[in-house]
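Peer 1: After the structure tokens below, expect a handful of questions from me.
The values are calculated or read from the model by the stated rules, or taken from the named source; none is laboratory data. Every value quoted in this text rests on a predicted model; they were computed, and no experiment measured them. Positions of Cβ are generated from backbone atoms using ideal geometry, with glycine treated the same way; all protein chains shown enter the neighbour counts.
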């Protein structure tokens, strides 16, 4: 069942999330299931628990034939709890981002091009991956929500921030 997503301006989006301390519980699985439904219903590439008003370190992401991201590589469904991100190298690249908490808008955001992420799935099993490209961008974007950071806070030049329909009239938004 889809859950309402908080919109930019809601103070809860600016809070730092707490670590999850209990895994493989019915409550955690129900929360994750609702987050997956919400992300898929809204054609999102990812979702963080703070976006639905839950102050826990839980993010998830997936891209499979998503109309909002038609030209990016697929990302398998991943539930990442208590994530730790480690950039691989110093290379950064700007790319267009959007957010379910900031509907209809896009901004050009710098992100590390490669990173290693680790954490746990909902069963408490360890996750440890090295990724690049759009996958790395999505992970960084979602994990920012756990620190109370929304992507406009990372935009270097606000001339590169606006409504998708104005920035890219008649076209889908370019992604990385």
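Peer 1: Looking only at segment 49-59, decide whether some residue is under 16 Å from the mean Cα position of the chain (by Cα), touching a residue at least 24 places away in the same chain (Cβ under 8 Å), more than 22 Å from residue 153 (Cβ to Cβ) and surrounded by fewer than 20 Cβ atoms within 10 Å (Cβ to Cβ).
Peer 2: Within segment 49-59, not a single residue is under 16 Å from the mean Cα position of the chain (by Cα), touching a residue at least 24 places away in the same chain (Cβ under 8 Å), more than 22 Å from residue 153 (Cβ to Cβ) and surrounded by fewer than 20 Cβ atoms within 10 Å (Cβ to Cβ).
Peer 1: Can you say whether residue 110 is surrounded by fewer than 19 Cβ atoms within 10 Å (Cβ to Cβ), assigned to a helix (DSSP H, G or I) and either touching a residue at least 12 places away in the same chain (Cβ under 8 Å) or in contact with a helix residue (DSSP H, G or I) (Cβ under 7 Å, 6 or more places away or on another chain) (or both), as far as the supplied structure shows?
Peer 2: Criteria not met by residue 110.
So that you can scan it fast, the table gives a plain yes or no per residue for (1) modelled with pLDDT of 95 or more; (2) under 20 Å from residue 141 (Cβ atoms); (3) part of a strand (DSSP E or B); (4) in contact with a strand residue (DSSP E or B) (Cβ under 8 Å, 6 or more places away or on another chain):
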position: 16; (1), (2), (3), (4): yes, yes, no, no
position: 22; (1), (2), (3), (4): yes, no, no, no
position: 27; (1), (2), (3), (4): yes, no, no, no
position: 32; (1), (2), (3), (4): yes, yes, no, yes
position: 35; (1), (2), (3), (4): yes, yes, no, yes
position: 38; (1), (2), (3), (4): yes, yes, no, yes
position: 54; (1), (2), (3), (4): yes, yes, no, no
position: 59; (1), (2), (3), (4): yes, yes, yes, yes
position: 62; (1), (2), (3), (4): yes, yes, yes, yes
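Peer 1: I'd like the residue in segment 64-86 that is touching a helix residue (DSSP H, G or I) at 6+ places or on another chain (Cβ under 8 Å) and part of a loop (DSSP other than H, G, I, E, B) and, out of all such residues, is modelled with the lowest pLDDT.
Peer 2: Checked segment 64-86; the qualifying residue modelled with the lowest pLDDT is 69.
Peer 1: Related question: Can you go through 89, 44 and tell me which one is surrounded by 21 or more Cβ atoms within 10 Å (Cβ to Cβ), assigned to a loop (DSSP other than H, G, I, E, B) and either at positive phi or out of contact with any helix residue (DSSP H, G or I) (no Cβ under 6 Å at 6 or more places or on another chain) (or both)?
Peer 2: Result of the check over 89, 44: 44.
Peer 1: Among residues belonging to segment 122-176 that are modelled with pLDDT of 95 or more, in contact with a strand residue (DSSP E or B) (Cβ under 8 Å, 6 or more places away or on another chain) and in a loop (DSSP other than H, G, I, E, B), point out the one that is surrounded by the most Cβ atoms within 10 Å (Cβ to Cβ).
Peer 2: Among residues in segment 122-176 that are modelled with pLDDT of 95 or more, in contact with a strand residue (DSSP E or B) (Cβ under 8 Å, 6 or more places away or on another chain) and in a loop (DSSP other than H, G, I, E, B), the one surrounded by the most Cβ atoms within 10 Å (Cβ to Cβ) is 146.
Peer 1: Out of all the residues in segment 2-12, which are out of contact with any helix residue (DSSP H, G or I) (no Cβ under 6 Å at 6 or more places or on another chain) and on the phi < 0 side of the Ramachandran plot?
Peer 2: Matches in segment 2-12: 4, 7, 8, 10, 11, 12.
Peer 1: What residue, of 22, 30, is touching a helix residue (DSSP H, G or I) at 6+ places or on another chain (Cβ under 8 Å) and free of Cβ contacts under 8 Å to residues at least 12 places away in the same chain?
Peer 2: 22
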